[in-house]
């Protein structure tokens, strides 16, 4: 499976990062670090959602009905004009609400601390990253004919495995995603976030 983090190194990733830099007024290297932190967090939370019977079906429907990968055909239009499309940011905010619930501010704080950007910038990065990540997953779902939550969970595990094992980033992500191995990312995010207060 293609390494998801390679997305940020290729042309599409650079379009995303440069567009975000122009929109937010931040250094592109800082934003690349923020995206590299945010994307695995999103993947880990989505994997938890896929493994939970209460949220798996809703996630499947969103990926099947809306996030089909077509966003990649529009990245230049969305991110290339110096101001990111407001509909994309709104959609990203909704995705974060579904995935992280009321704890999305805790996630933004974690991205902020890890990447060295302010919390507002981190939240914007998460909002930009979420539709792109969902689009990539939706595209891979179709390519792999994923039709049920267990298959989706396996797909997301494959994406997460692209983060180098033993890397500090991987250790950080694993602690953030499921510190107590109870399958509840919300509790883990909250406990992790309290360390930053």
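The values are calculated or read from the model by the stated rules, or taken from the named source; none is laboratory data. Predicted model only: the values in this text are computed from it and were never measured. Reconstructed Cβ throughout: ideal geometry from the backbone, glycine too, with neighbour counts over all protein chains shown.
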**Item:** Given (1) surrounded by 15 or more Cβ atoms within 10 Å (Cβ to Cβ); (2) in contact (Cβ under 8 Å) with a residue 24 or more places away in the chain; (3) more than 18 Å from residue 11 (Cα to Cα), number of the condition residue 133 does not satisfy
**Value:** (3)
**Prompt:** Of all the residues that make up segment 14-34, how many are crowded, with 16+ Cβ neighbours inside 10 Å, without any contact (Cβ under 8 Å) to a residue 40 or more places away in the chain and not in a helix (DSSP H, G or I)?
**Reply:** 0
**Item:** residue 6 at pLDDT below 90, part of a loop (DSSP other than H, G, I, E, B) and either out of contact with any helix residue (DSSP H, G or I) (no Cβ under 8 Å at 6 or more places or on another chain) or farther than 23 Å from residue 113 by Cβ (or both)
**Value:** no
**Asked** With segment 35-127 as the region, which helices (runs of 4 or more DSSP H) entirely inside it contain at least 3 residues that are surrounded by fewer than 20 Cβ atoms within 10 Å (Cβ to Cβ), free of Cβ contacts under 8 Å to residues at least 40 places away in the same chain and over 17 Å from the mean Cα position of the chain (by Cα)?
**Response** 53-65
**Prompt:** So is residue 146 touching a residue at least 60 places away in the same chain (Cβ under 8 Å) and not in a helix (DSSP H, G or I) or not?
**Reply:** no
